[in-house]
1. Considering only residues of region A:135-153 that are within 10 Å of chain B (Cβ to nearest Cβ) and over 23 Å from the mean Cα position of the chain (by Cα), which is most open to solvent (accessible area, probe 1.4 Å)?
2. Which residue, of C:Ile28, C:Ile44, C:Ile12, is in a helix (DSSP H, G or I), touching a Gly at 6+ places or on another chain (Cβ under 7 Å) and hydrophobic (A, V, I, L, M, F, W, C)?
3. So which of B:Leu98, B:Leu80, B:Leu52 ends up being facing chain A (nearest Cβ under 7 Å), buried (at least 23 other Cβ atoms within 10 Å of the Cβ) and out of contact with any Pro (no Cβ under 9 Å at 6 or more places or on another chain)?
4. Test of understanding: among B:Ile10, B:Ile30, which residue is closer than 17 Å to A:Ala63 by Cα, facing chain A (nearest Cβ under 7 Å) and either touching a Phe, Trp or Tyr at 6+ places or on another chain (Cβ under 6 Å) or not basic (Lys, Arg) (or both)?
5. For region A:119-130, which residues satisfy the criterion of being surrounded by 12 or more Cβ atoms within 10 Å (Cβ to Cβ) and in a helix (DSSP H, G or I)?
6. Select the helices (runs of 4 or more DSSP H) contained entirely in region C:358-444, then report the ones holding at least 1 residues which are of a type outside the set (D, E, K, R) and modelled with pLDDT of 80 or more.
7. For region C:62-91, name all the residues that are small (Gly, Ala, Ser) and farther than 16 Å from C:Glu206 by Cα.
8. What's the number of the condition B:Ala42 fails, among (1) buried (at least 22 other Cβ atoms within 10 Å of the Cβ); (2) at the interface with chain A (Cβ under 7 Å from one of its Cβ atoms)?
Amino acid sequence: MTIYSLIFYVLALFILATTAMAVTRRNMVHVVIYLIFSFFGSAMLFYLLGAPFLAALEVIIYAGAIMVLFLFIVIMMKFEGGRHRLFAPGQWIPAAVFGLVYLAAGTLLVSAQPGSRTVLKTARATPAMFGRYVFQTHWLSIEIVSLLLLVALVGALFLGRRTKKYATPKSIEDHR
Amino acid sequence: MIVPFGHVLILAGLLFLMGVFCTVTRRSLIMMLLGIEIMLNAAAILLVGSTLHWQNLEGQVIVLFVFAVAAAEVSVGLALIVWAYRRTGSVDPGDYNLLK
Amino acid sequence: MSDTLTLDSTLIAAVLATLLPFASFVLIMVFTRNHRRLSAGLSIGAITVSLISAVFLLVCHWHLQTPLQYFGRWVVSGDIVIPYGFLLDPVSLLMLTVVAAISFLVQGYSLGYMADDKGFSRYYAFMSLFAWAMLNLTIAPTLFQLYIFWELVGLSSYLLIGFWYEKFSASQAGKKAFVMTRLGDVAFFLGLLLALVHLGNLNILELNSPRVAAQMSPTLITVSALLIFGGIIGKSAQFPLMTWLPDAMEGPTPVSALLHSATMVAAGVFLFCRLFPFFSQSAVAMGVFLAIGTITMLLSSTMAMVSRDIKQVWAYSTISQLGFMIMGLAAGSFFAGMFHLTTHAGFKALLFLCAGVFIHALGTNDIFEISRLGGRRLKVPTVCMAIAAAALAGLPPFSGFFSKEVILAALAELDNPIWLVAGLLGAFLTAYYTFRLIFILVVPDQSEPRQPDDSHGHAGYWQMGGPLIVLATVTVLLGFFQGPLENFFGNHICSVSAHTGSHGWLPYIAIATAASGLILAWVEFGRRNSARVGFVERIGWLYNLFSERWYMDRFYRRFVDVVIYRIISGLCTQNDNRVIDAGLDALSKDAVQSGRFVSELHLSMIQYRLLAIFVVVALLALYFFF
């Protein structure tokens, strides 16, 4: 048990715990906060696994941008929660059954594979090295992804514009 | 020496399962979107782990793209949710049953 | 025998004779419906050319040794070749001439009779169609072609019987004629198929050749002969399908004349003559034919004894004479049937045309009424009718005497004398009812008021009178041509006429029978101060039986009501309601129900679907992994 493996297990526990808390919270703000912690844990795990650049991106994009975006929406829109039970039995029982089967099969698979027992050695892909690799071999994909982001930006703007055309019905029942 | 690769796999699997659970059980569009984020994160962890396992940088490159796709998906998804909420006043997926 | 179409005068004449009436039909229907004179001119012109061609053919081939055949291909499909062509032998030549002549006379007569009718052009168009169909029927070389024109004859007779379609009874009568002959035609068609399957073609000459016996077993020949005879029963109004003919009187009288003498009903007997060698290969079938002919003749004679409608009397007499022809043919004398068919065509057309003059002039069908209104003052038709009636009754020296005598001779040669007795009885009845009508017409009723003699002036009298005189002349003279005609048919290779003349006493018996019928009629109707009531009419039940046509119509009515409407159509309705409709209903209901059921599964909840997607993807992954 090296120090690295200790750190790994601690981080894994941390991630799983915060995610589990996030999934089970009723208050949306709490959910988002817990998830931010979970993503911080993930960022540290990335660092541990030799991807410092990705760790930075995880913090900036996931915890920084995406979660803050969620937070804004949740706070601005004031979705009321608590109308329903948190987990409807008709939904969580099948999901849990499926999850158990999935977990059992996954564990079985992982333990059956000899490759999964090989211990990972520490290594590091420095940001410079990573950047050179990406822009040497995947520059076209980078351009395409940038285009995708542009399209998403335009789409979000288009969806978010205020239109006077429709009288906004109060509830979905008005459509019937 | 960190840990066996299998442990990374199991961690990612558990995380993914939580994302699925969140997506299919929480009755809110926002929570469904968050569940998808959790699943994407699980995939990212797995990819970084396998980069280390096979000593091949391709995994990290894919993670980069996953981040980009996630950012795009979240921006459009949230815009859609806001739009739908303005029109119907609800974020419960059970209420979206016009086609029934 | 020529199998290719080489242009010679015979062929041209045959084509002209058979094509022109159709051309005139088309022209009238398409172009000249609104020009009455033009239509009549077209139609009569066409039939005149046909008549000239037919006479030309008859004269040219008077000494014909072997039948002439002309073939063209009509339909070729793989191995099947359906030929179209002409067959010229004594039977078809004689019949062609008779048909053309009668059609010509009737069309000329119709100029006067139909002069005031609205549908004048239509009438001539149908007449042309009728003539065309019948002319083609006579010279068809294959049974297939014959069948086509056979049906066309049925169609055009339907059109003409129901010519005054605004009259309900007329359209009903047309329908009845069509449907009842159709019943027979179904049997005919089945017989054709049977022969076709076993022989490979329907060429009439091959069907008549003795080789048929080698290709078909006797049973098969009997069955197919009986089936084909079904068509004859329908067309020639034999028992039991005879009831359509009296109703067919609803059409214009010239149509009745044409229908009864040379075209529609004669087609049946003509077919018998055509296939005589084929039929005579089956003794059983011939026996059946003989019996049917006899029954028909006797039944319809009795019906004619009580009818008061002048056209109906002649209609019944037609049926009975047709039965007589069938008897003669079935008795084995080909010449007897053909000869009687020819003479009958002449005098029966004459009878109907005379009746038409009375009806046209006096506006009634009832013979007593005609007599009361002074029908006898119409001299030409009265005299002509008397001549024709004498021919029908079989009195010498008119044509009917000779032909009947030939038939009776044929019957006398049969082993069983009952057929001869039946034939004589029929002749007696025929003479009786014929002269009953004549005496009622001619002898004035004592109570009759004198009326001014104004009937001669009406329009078209001489247009109608001309054909009468021609036909009367033919009726008088035709009988003396028995010898030449017999020679004509004697050349025919399939003729089995064996008229020996060994029954020297027969003509006297025949004359005596006819004369006794005449005398009985005179005693009851012609004598001064006679009661004018027939012996049958004094016996109530017999009278009812005869005037109700032996209850055959009622029987058919009941039969149709019970069997067809109630049972068959009832079953069909049940099937329609219970099986087809209910089946469809159940099917659609089940479809709707299953749709409902499936829509229960479809909860329109995205999360269930997502869960299902995850499960399926995960299981697929597992499946592909292991």
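The values are calculated or read from the model by the stated rules, or taken from the named source; none is laboratory data. Small disclaimer: the values here were computed from a predicted structure and weren't measured. Cβ placement follows ideal geometry from the backbone for every residue including glycine, while neighbour counts extend to all protein chains displayed. The area values use the complete protein model at the heavy-atom level, side chains included, leaving out ligands, DNA and RNA. Shrake-Rupley method; radii C 1.70, N 1.55, O 1.52, S 1.80 Å.
1. A:Thr137
2. That would be C:Ile44, the only listed residue that is in a helix (DSSP H, G or I), touching a Gly at 6+ places or on another chain (Cβ under 7 Å) and hydrophobic (A, V, I, L, M, F, W, C).
3. Of the residues listed, the single one that is facing chain A (nearest Cβ under 7 Å), buried (at least 23 other Cβ atoms within 10 Å of the Cβ) and out of contact with any Pro (no Cβ under 9 Å at 6 or more places or on another chain) is B:Leu52.
4. Exactly one residue qualifies, and that residue is B:Ile30.
5. Passing the criteria: A:Pro127, A:Met129, A:Phe130.
6. So the answer is C:379-393, C:399-412, C:417-442.
7. Answer for region C:62-91, where residues must be small (Gly, Ala, Ser) and farther than 16 Å from C:Glu206 by Cα: C:Gly72, C:Ser77, C:Gly78.
8. Condition (2) is where B:Ala42 drops out.
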